[in-house]
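Structure, as C-alpha cells:
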Amino acid sequence: MIGEGKSDKKSLETSYVFIDTPVFVQKHYHFSSHLFGQLINLAKAGKISIHLTQVTAHQVESNIVSEIKGAKAALQQCRDKTRVLRSVGKLIDEIFYSFQSGRVLSPELLAHRLS
C-alpha cells in the first residue's frame, strides 16, 4: 500500500526532472541562479536527467521577449517623464530639499531660479 513505509516512498523516486515554465518565471529567468546551478551539477554528475518540453521552451522564450519589450517601454516612459530633470540643474537639489523640509517653493521663486 502507498504511504506505508520507506520502501514505497523509494519506489516513487525518479531521476527524471521535468522543468515547467513557472520555475523559470519564479527565478526571473536567472539561469545562473543557485537552483539552476544545482540542477546542472546533478545532471553533470549523472544523478538526474533534465527534461523540457518544446511548449515550455517556447513559453520561456516568449515570456523573456515580452518582458524585455515591457522593460524597454517602461524605461522609455521613465526617460520621457524625467526629461525635465536634465534642464533644471542644481535647482533640483533645492526642490528636493524644500519637499523634505516641508517648504514649498513659490512659483515666482521657481521662475526666478530657472531664468
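The values are calculated or read from the model by the stated rules, or taken from the named source; none is laboratory data. The shown structure was predicted, so the numbers you read here are calculated from the model rather than taken from an experiment. Here the Cβ is made from the backbone with ideal geometry for all residues, glycine too, and neighbour counts use every protein chain on show.
Scanning region 32-53 for residues that are exposed (fewer than 11 other Cβ atoms within 10 Å of the Cβ) and over 17 Å from Y16 (Cβ atoms), which turns out modelled with the highest pLDDT? My answer is H34.
Residues in region 12-40 that are under 16 Å from T56 (Cα atoms) and aliphatic (A, V, I, L, M): V17, I19, V23, V25. A search for C-beta distances below 7 Å between a residue of region 30-50 that is outside the structural domain of T14 (by TED's automatic domain parsing) and without any contact (Cβ under 8 Å) to a residue 40 or more places away in the chain and any residue that is surrounded by fewer than 14 Cβ atoms within 10 Å (Cβ to Cβ) and not basic (K, R), counting only pairs 6+ apart in sequence or on different chains, returns nothing. Taking region 1-29 as the range and being surrounded by 10 or more Cβ atoms within 10 Å (Cβ to Cβ) and at pLDDT below 65 as the test, the residues that pass are D8, K9. What pairs can you find where one residue is in region 51-68 and touching a residue at least 40 places away in the same chain (Cβ under 8 Å), the other is surrounded by 13 or more Cβ atoms within 10 Å (Cβ to Cβ) and in a helix (DSSP H, G or I), and their Cβ atoms are less than 8 Å apart, with a gap of 6+ or different chains? So the pair list comes out as N63/T21; N63/F24; N63/V25.
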